[in-house]
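The values are calculated or read from the model by the stated rules, or taken from the named source; none is laboratory data. Remember, predicted model here, so these are calculated numbers, not experimental data. Methodologically, a virtual Cβ is constructed for each residue, glycine included, from the backbone with ideal geometry; neighbour enumeration extends over all protein chains shown. Just the protein is used for accessible areas: all its heavy atoms, side chains included, with ligands, DNA and RNA removed. Shrake-Rupley method; radii C 1.70, N 1.55, O 1.52, S 1.80 Å.
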Amino acid sequence: MKNLNKTSLLTGALAGVTAALLTLGANTQSSFAIVLYAASALPILIAGLGWGNAAAIAAVVVAALTSAAIVSPWFALLIAVITLIPAAWLSHLANLARPASELGGPDGALAWYPLSDILTHLAVLVTIAMIVVGAIIGYDGTMSDQMIDLVMSALKEQQPLYNPDAASIAQIKSIFGVVLPMAQGAIWVLMLFAAYYVATRIVQTSGKSLRPREDMPSTLRMHRFAIFAFLGGLVLAFMGGAPAIVGALVCGTFGAGFLLSGFAVFHFRTRGKSWRLPVLWLGYLSVLVFTIPAFFFLLSGLMDTRRAIALSPAGKTTDTETKDL
């Protein structure tokens, strides 16, 4: 962590104001709300990655106070839990390093906190944040039932002959009650990781990065123990009630992490191939259009949980190599 000074605090304060303005913009632009909410993590990440923990903490505090003053303390608490604190924690983890010799590496080199652990932390953070937010707003599954009722009403208006029985509607509500938290958790992990990726590139381009640039196709994996969390979520998802909601959420957050890992494996294994670019485009388009192919990328991520640590010469943040654990 860089030393505490006026520059880091001022940078953090400016980042906090920017983050607060983005969240306020999300309240007025409902069509882009989720993008703006996720983008509010970007200033926090940039401040933390480039200027250290002091800047990240200052950014979180200023963003929360600004949101509380303009909107309400409850709103400030929600964005702090769901966006600001996870962003600050990710920047903290990304800046952690220790002598590589302590891990059996070469002398005179630094070993950086593994990207696999950062991604796993993100899944855990989003899971906890969603549970806290659900407890605050009193989420109990009725939201998904109301959404299904609205959809059914719209369908009946368009097609008067469409009249499903009560059992069919109850089954749809039961399925959607699990799918909704799963999708919410997965989307939020993907959005926050996208913000982390963009922030690292911005900070590295500016020359302020503490962490060296690493090869994500070879290092972006989930921790092997994350498999047990994912399997535990699957078990809970079939139990019904509140456990099913929590289980679906865990499946979504950790599944998104394994999905990102699967995409990284896809990039890594196609590297150097002449047909790489069209195949990459085809793979991503198939996931966006059909969704089902995402299952195969998820499996790929589950099957490859190696833990690679980026090494760099002490005092330098440019060239790196990786070491598998």
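Quick one: which residue in 245, 169, 148, 227 is surrounded by fewer than 20 Cβ atoms within 10 Å (Cβ to Cβ), modelled with pLDDT of 85 or more and in a helix (DSSP H, G or I)?
One residue alone meets the criteria, 227.
Among the residues of segment 266-297, count how many are open to solvent by less than 30 Å² (accessible area, probe 1.4 Å) and either outside the structural domain of residue 216 (by the TED database) or within 18 Å of residue 189 (Cα to Cα) (or both). Selection size over segment 266-297: 3. Kindly indicate whether residue 61 is among the β-branched types (Val, Ile, Thr), modelled with pLDDT of 95 or more and open to solvent by 10 Å² or more (accessible area, probe 1.4 Å). In short, yes.
Of these, 101, 91, which one is under 29 Å from residue 313 (Cβ atoms), of a type in the set (Ser, Thr, Tyr) and open to solvent by 10 Å² or more (accessible area, probe 1.4 Å)?
Values: 91 fails: open to solvent by 10 Å² or more (accessible area, probe 1.4 Å).
That would be 101, the only listed residue that is under 29 Å from residue 313 (Cβ atoms), of a type in the set (Ser, Thr, Tyr) and open to solvent by 10 Å² or more (accessible area, probe 1.4 Å).
Would you call residue 300 more than 23 Å from residue 86 (Cα to Cα), in the same structural domain as residue 207 (by the TED database), of a type outside the set (Val, Ile, Thr) and at pLDDT 90 or above? Yes; evaluated as a whole, the condition is true for this residue.
Among residues that are farther than 18 Å from residue 128 by Cα, more than 21 Å from the chain's Cα centre (by Cα), outside the structural domain of residue 52 (by the TED database) and not in a loop (DSSP other than H, G, I, E, B), residue 203 is not included.
When you look at residue 86, is it surrounded by fewer than 18 Cβ atoms within 10 Å (Cβ to Cβ), out of contact with any strand residue (DSSP E or B) (no Cβ under 6 Å at 6 or more places or on another chain) and in contact (Cβ under 8 Å) with a residue 40 or more places away in the chain, yes or no? Here the answer is no, as residue 86 does not meet what is asked.
Quick one: in segment 16-32, which of the residues that are modelled with pLDDT of 80 or more and open to solvent by 10 Å² or more (accessible area, probe 1.4 Å) is nearest to residue 65 (Cα to Cα)? Among those residues, the one meeting the criterion is 17. Is it the case that residue 68 is without any contact (Cβ under 8 Å) to a residue 24 or more places away in the chain, surrounded by fewer than 20 Cβ atoms within 10 Å (Cβ to Cβ) and not assigned by the TED database to the domain that holds residue 186? Taking the combined requirement at face value, the residue satisfies it. Of all residues being assigned to a loop (DSSP other than H, G, I, E, B) and open to solvent by less than 40 Å² (accessible area, probe 1.4 Å) in segment 298-317, which is farthest from residue 93 (Cα to Cα)? Just the residue, please. Taking the candidates together, the pick is 304. Whether a residue is assigned to a helix (DSSP H, G or I) and buried (at least 24 other Cβ atoms within 10 Å of the Cβ) was assessed, and residue 129 does not pass this test.
Residues checked against (1) of a type in the set (D, E, K, R); (2) under 14 Å from residue 122 (Cα atoms):
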position: 241; (1), (2): no, no
position: 244; (1), (2): no, no
position: 249; (1), (2): no, yes
position: 252; (1), (2): no, yes
position: 255; (1), (2): no, yes
position: 267; (1), (2): no, no
position: 270; (1), (2): no, no
position: 273; (1), (2): yes, no
position: 279; (1), (2): no, no
